[in-house]
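Q: Quick one: the structure is below, and I'll ask about it shortly.
The values are calculated or read from the model by the stated rules, or taken from the named source; none is laboratory data. Every value quoted in this text rests on a predicted model; they were computed, and no experiment measured them. Here the Cβ is made from the backbone with ideal geometry for all residues, glycine too, and neighbour counts use every protein chain on show. Remember, those area values only see protein heavy atoms, side chains included, never the ligands or the DNA or RNA. Shrake-Rupley method; radii C 1.70, N 1.55, O 1.52, S 1.80 Å.
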Amino acid sequence: MALTLAVITYNEEDNIVRLLNAVKDTVDEIVIVDSYSTDRTKEICLHDYPDIKFHERKFNGYGEQKNYALSLCSKPWVLFLDADEVPDEKMLQSIRNIVSSGNTEYCVYKAKFLNYISINLIRFGGWGNVCKERLFKRDCAKYSDDKVHEFLITAKKAGILEGKLNHYTYKSIHHHISKINIYSDMMAEKMFERGKKYQNFKIIVSPVYEFIKVYLFKFGFLDGFAGFYVAKTMSYYTFLKYIKLREKIRLIEIRKKYGE
């Protein structure tokens, strides 16, 4: 095999063992870039998996951190996963077949997701047909430098891996809301850096539209109460990112006005 597993982590003690145990017999190198976790992530990796290449680096955004992890990978193929993602056996076999083949049709492969919130599999609301790049040749791709909602940059056409990638998104409501707060902070910063302006009307209307889009137009209601929860929290995220952008711009305007 000629495959590196790359993961960026921060406080992933509840997820990292499940992922590493699932893929350790498929990959021949594991690179983890950790943002100075305050839980047992580092201890688990170094004690239980001594062959891991474990690096610590300040987190300045998802795109930058992922590209740094890529720079540490030495194998031709990279399987880049989040700590809460676990390939099923069919996907692992598909990966082994691709990497061991001397001549593959594609340099980039997407994985089909199964997204879970707690024990609930979310099939609708835009969460049911998610397919993202996860396996690629190291010299064929890199990540955008976006702080959040980064994406893989490649000129190559992507194939589809067989099997499913199980994505265990949030372990509790508290965990989910904490993540929403972090992501909305970074998204507001991203919009601000790109010169995006706020509109009070959009701050009011966009969250309402997001809920209607997810719950009705994308059939989130078919997931029952879990679908309502997804629509409501996505609406909340939309509200936060715009109100935080407004706050950031207004604070600068006030400082300029009063010469601070």
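Q: Sequence gap at least 6, Cα distance under 8 Å: using those rules, report the relative contact order of the chain to the nearest whole percent.
A: Working: 467 pairs, mean separation 47.9, N = 260.
Over the chain, the number comes to 18 percent.
Q: Mind checking which of 167, 126, 153 is farthest towards the positive end of region 125-179's charge dipole, using Cβ charges of +1 (Lys, Arg) and -1 (Asp, Glu) about the Cα centre?
A: Working it through, the farthest residue towards the positive pole turns out to be 167.
Q: Loop-only trypsin sites (Lys or Arg not before Pro) in region 1-82, please: DSSP not H, G, I, E or B, and at most 10 other Cβ atoms within 10 Å.
A: Details: sites: 18, 24, 40, 42, 53, 57, 58, 66; in loops: 24, 40, 57, 58.
Here the sparse-neighbourhood loop sites are 58.
Q: Still on this structure, please answer the following. Suppose all protein chains stay in the model; what accessible area per residue would a 1.4 Å probe give for region 112-228, in Å²?
A: Numbers: 7030 Å² over 117 residues.
Per-residue value: 60 Å².
Q: Roughly speaking, to the nearest percent, how much of the chain's 1.4 Å accessible area is carbon and sulfur? Write down the numbers at each step before the final one.
A: Working: 7350 of 14040 Å².
After summing per-atom areas, the C and S share lands at 52 percent.
Q: What accessible surface, in Å², does a 1.4 Å probe find on residue 252, ignoring ligands, DNA and RNA and rounding to the nearest 10?
A: Around 60 Å² of this residue is reachable by solvent.
Q: Please give the net charge around residue 94, taking every other residue with its beta carbon less than 12 angstrom from that of residue 94, where Lys and Arg add +1 and Asp and Glu add -1.
A: Working: positive: 90, 96, 110, 112, 134, 164; negative: 88, 89, 162.
The answer is +3.
Q: May I pose another question? Looking at the chain as a GNM with Cα springs under 10 Å, which of 225, 80, 201 has the largest mean-square fluctuation?
A: Top of the fluctuation ranking is 201.
Q: Would you tally the net charge around residue 127, using a Cβ to Cβ cut-off of less than 10 Å, leaving residue 127 out, and scoring K and R as +1, D and E as -1?
A: Working: positive: 123, 218; negative: 223.
Net local charge, residue 127 excluded: +1.
Q: Going by the alpha-carbon gyration tensor, a ≥ b ≥ c the square roots of its eigenvalues, is region 59-131 rounded (a/c under 1.5) or, if a/c is not under 1.5, prolate (a/b greater than b/c) versus oblate? Walk me through the intermediate numbers first.
A: Details: a/c = 2.25, a/b = 1.23, b/c = 1.83.
Oblate, since a/c reaches 1.5 and b/c is not below a/b.
Q: Ok, one more. Quick check on region 9-168: of the DSSP beta bridges with both residues there, what percent are antiparallel, nearest 5%?
A: Values: 17 of 29 bridges.
Counting only bridges with both partners in region 9-168, antiparallel ones make up about 60 percent.
Q: So for 176, 55, 47, what's the accessible-area order with a 1.4 Å probe, most first?
A: Values: 176 10, 55 60, 47 145 Å².
Result, largest first: 47, 55, 176.
Q: Within region 145-175, which chymotrypsin sites (Phe, Trp or Tyr not before Pro) sit in a loop by DSSP and count at most 15 neighbouring Cβ atoms inside 10 Å?
A: Loop-located and lightly packed - 151.
Q: Quick one: grab the alpha carbon gyration tensor of region 24-177, order the square roots of its eigenvalues as a ≥ b ≥ c, and give me rounded if a/c is under 1.5, else prolate or oblate depending on whether a/b is larger than b/c.
A: Details: a/c = 1.37, a/b = 1.07, b/c = 1.27.
Verdict is rounded for region 24-177.
Q: So the label point goes 7 Å from the Cα of residue 101 along Cα→C-beta, right? Which residues of region 160-180 then have their backbone N under 11 Å from it?
A: Residues 160-162 fall inside that zone.
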